[in-house]
Amino acid sequence: LALWVQALFGSSILSEDSMEQMLTFTDSDIEYLGYEVRVGLGMMTIEHPKLGEIYGFTGQYEGYSSFMVYLPGRDIVIVVLMNQSYPNMSFFENLLEVVVN
């Protein structure tokens, strides 16, 4: 998953038009980690006060969860796969802080 995200944002997997469409975000009623989430085509974004814009997506299925983020301003990809359905979301906030510092 990390390699896919690096390739997606670092090469020409998508045309410029498709990338622009994917990263055209609209407001939503979703809140994540206490931040307003804007949604695009297969991607979400939040504006973090310390880290700037963060692109990402999460997923959950019975017994599993995933968390993928890309910080374009720092060119950092973080992927977490867990065998836990509903983890404590503050874990991800703390992980972001540790990785970028």
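The values are calculated or read from the model by the stated rules, or taken from the named source; none is laboratory data. A quick note: this is a predicted structure, and the numbers were derived from the prediction, not measured. We place every Cβ from the backbone using ideal geometry, glycine too, and count neighbours over all the protein chains shown. The area values use the complete protein model at the heavy-atom level, side chains included, leaving out ligands, DNA and RNA. Shrake-Rupley method; radii C 1.70, N 1.55, O 1.52, S 1.80 Å.
Assorted remarks:
- Residue check, VAL69 touching a Gly at 6+ places or on another chain (Cβ under 6 Å), open to solvent by less than 40 Å² (accessible area, probe 1.4 Å) and closer than 19 Å to LEU8 by Cβ: yes
- Residue match in the range 74-85 (condition: in a helix (DSSP H, G or I), at pLDDT 85 or above, of a type in the set (A, V, I, L, M) and open to solvent by 40 Å² or more (accessible area, probe 1.4 Å)): no
- If the condition is being open to solvent by 60 Å² or more (accessible area, probe 1.4 Å), within 21 Å of VAL100 (Cβ to Cβ), not hydrophobic (A, V, I, L, M, F, W, C) and not in a strand (DSSP E or B), then the range 1-60 contributes GLN6, GLY10, PRO49, LYS50.
- Any pair with Cβ under 7 angstrom, 6 or more apart, that starts in the range 28-53 at a residue that is over 16 Å from PHE92 (Cα atoms) and ends at one that is polar (S, T, N, Q): ARG38/THR26; ARG38/SER28; ARG38/THR45; VAL39/THR26; VAL39/SER28; GLY40/THR24; LEU41/GLN21
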